[in-house]
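The values are calculated or read from the model by the stated rules, or taken from the named source; none is laboratory data. Note that the structure is a prediction, hence the values are computed from the model and not measured. Cβ sites come from the backbone with ideal geometry, for glycine too, and all protein chains shown count toward neighbours. These accessible areas exclude ligands, DNA and RNA; they are computed on the full protein's heavy atoms, side chains included. Shrake-Rupley method; radii C 1.70, N 1.55, O 1.52, S 1.80 Å.
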Amino acid sequence: PWPGGGACRGMAIDLPAGAVDAMDLLTYTNLKPPACVTDYFAALNAGFHLPPSAGTDCALGWGNSKPLGGYRTYVDPSGAFTMDSWIAAFKAGRSFVSNYPLFTHFDIENKDPGETYIGTKSTLHGDVTVKCALPIQKVEIIGNTGTLKTINASGGSARSISAGFNVSRTGLTWIVARVTGTIGTPAP
């Protein structure tokens, strides 16, 4: 039913069959953040390693597609920028999606997005840096056990947040970062 009609309708069959390469988290649909990540988190909880993706399916004449062309997938090919290196990095999960904020750094124990940490530490250290032309309020570090850490912008909102953080490793199988901001017009 609306909202969300058709979202992830075939995933119960397609995921175990290996027919899914990535999952769109941000698109111009009726599922808005954070509801659009619920199925993604469920897939991660079930043990599927899926890179996040986004699509701009923008309807310019409609007026609801904001920011214009704003839902994007960013990939770090780590080396020569070719179509093959981009696809390989995307499949490895070295990507993030955004509808405006830019993650300029995110790591857990010096492991970049898509990499796996193998070690015995009970507490994991991470670093995150986010920049945006619009004010942002917080960065949430989320894992399969829930929200692990919330990093609030100084003064309630800012155009960048950069912080180190520590989280307990107990029960964790995956970790992501999510930034929350305001809707508005970018500063000049």
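General remarks:
- Per-residue HN-Hα couplings for the stretch 97-103 [Karplus 6.51, -1.76, 1.60; θ = phi - 60°; Hz; x = Gly/Pro]: 10, 8, 10, 3, x, 10, 6
- Protection proxy ranking, highest mean first, for peptides 138-149, 71-82: 138-149, 71-82, where packing is the per-residue count of other beta-carbon atoms within 10 Å, averaged.
- About its Cα centre, the stretch 108-165 has a charge dipole of approximately 200 debye under the convention of +1 per Lys or Arg Cβ and -1 per Asp or Glu Cβ, with nothing else charged.
- Net charge of neighbours whose Cβ lies under 15 Å from the Cβ of LYS138, counting Lys and Arg as +1 and Asp and Glu as -1: +3
- Probe 1.4 Å, protein heavy atoms only - accessible area per residue of the stretch 69-180 in square angstrom: 53
- Cα-Cα separations in the stretch 67-188 greater than 26 Å, expressed as whole percent: 26
- Seen from LYS111, the other residues with C-beta closer than 14 Å to its C-beta sum to a net charge of -3, counting Lys and Arg as +1 and Asp and Glu as -1.
- Cross-link reach list, aspartates and glutamates versus LYS138, counting only Cα pairs under 19 Å and skipping chain neighbours closer than eight places: ASP107, ASP127
- Three principal axis extents describe the C-alpha atoms of the stretch 124-188; from largest down they are 44, 19, 15 Å.
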